[in-house]
Amino acid sequence: MLSKSMESALNEQLVLEGYASFLYLSMASWCDQEGLEGCAKFMYRQSEEETQHMMRIFNYINEMDGHALAPAIAQPPHTFESVKVLFDKVYAHEQKVTAAINELVAQSYDEKDHATFNFLQWYVEEQREEEALMRTILDRIKLIGDGPQSLYYIDMELDKINKIEEKEAAASGE
Ligand code: FEO
């Protein structure tokens, strides 16, 4: 059973994960419009993953006899200054999510809520991986440059990352 304050904190986390899903969907659409197919594919996949992150928490709350609330999602931006700005925003949002997960872990520890503490460890690992991936992408953009002549090469890099991620997902059965 969840404490009322843990239930409400988990419901707040749903909003962040849901917003990430819609933000990334909006980014995927912008990439599509810009002809950046590799980037679009990457962001569509990230968006789907965020929906799964949201639903994992949603189901957990109800499984623990709480009441999961379908979140109200704010309208994300539709346009982005550049690919570099877009990935800067992804990285910033992931850092915000990591900070929120760390707060939840601290709360579950303080409340001696071992079930929630255990449940959250998956997110701790996921955030470590997501932040590392976004840093890798930003490092590559820094190396390639993000002027108009570089977009083709950035998109090819993202496509390489897509292939690696697809292979890993197939190997883990996701
Ligand atoms: Fe579920 Fe990438 O935060």
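Structure above, values below:
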quantity: Most fluctuating residue given options L104, L143, L23, as computed from a GNM of the chain linking Cα atoms under 10 Å; calculated: L143
quantity: Ranked order, T98, T116 - accessible area, probe 1.4 Å, largest first; calculated: T98, T116
quantity: Å² of accessible area per residue within the stretch 10-105, as computed with a 1.4 Å probe and no ligands counted; calculated: 48 Å²
quantity: Choice from S26, S47, S108 with maximal GNM fluctuation in the chain (Cα, 10 Å cutoff); calculated: S108
quantity: For the stretch 91-108, Karplus couplings with θ = phi - 60° (6.51, -1.76, 1.60), whole Hz, Gly/Pro x; calculated: 4, 4, 5, 5, 5, 5, 5, 4, 4, 5, 5, 4, 5, 5, 4, 4, 5, 5
quantity: Percentage relative contact order, the stretch 4-172, counting C-alpha pairs under 8 Å, at least six apart; calculated: 27 percent
quantity: Ellipticity estimate at 222 nm from DSSP helix runs (n ≥ 4, -39,500 (n - 2.57)) divided over the chain, nearest 500; calculated: -28500 deg cm²/dmol
quantity: Per-residue SASA entry for I101, accessible area with 1.4 Å probe, Å² rounded to 10; calculated: 0 Å²
quantity: F119 accessible area, assembled protein chains, probe 1.4 Å, Å²; calculated: 40 Å²
quantity: D110 - accessible surface, heavy atoms, 1.4 Å probe, Å² rounded to 10; calculated: 120 Å²
quantity: Where GluC sites (Glu not before Pro) fall in DSSP loop in the stretch 1-107, at most 11 other Cβ within 10 Å; calculated: E81
quantity: Solvent-accessible area, 1.4 Å probe, carbon plus sulfur percent, for the chain; calculated: 54 percent
quantity: Chain lengthening between E166 and N62 when straightened (0.36 nm per residue, less Cα-Cα); calculated: 34.3 nm
quantity: Tail weight of P(r) past 29 Å, computed on alpha-carbon pairs of the stretch 4-172, percent; calculated: 24 percent
quantity: Unsatisfied cross-links (Cα-Cα over 19 Å) in the set K89/K142; K84/K142; K41/K163; K96/K167; calculated: K96/K167
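The values are calculated or read from the model by the stated rules, or taken from the named source; none is laboratory data. The shown structure was predicted, so the numbers you read here are calculated from the model rather than taken from an experiment. Cβ sites come from the backbone with ideal geometry, for glycine too, and all protein chains shown count toward neighbours. Side chains included, ligands, DNA and RNA excluded: accessible areas come from the protein's heavy atoms. Shrake-Rupley method; radii C 1.70, N 1.55, O 1.52, S 1.80 Å.
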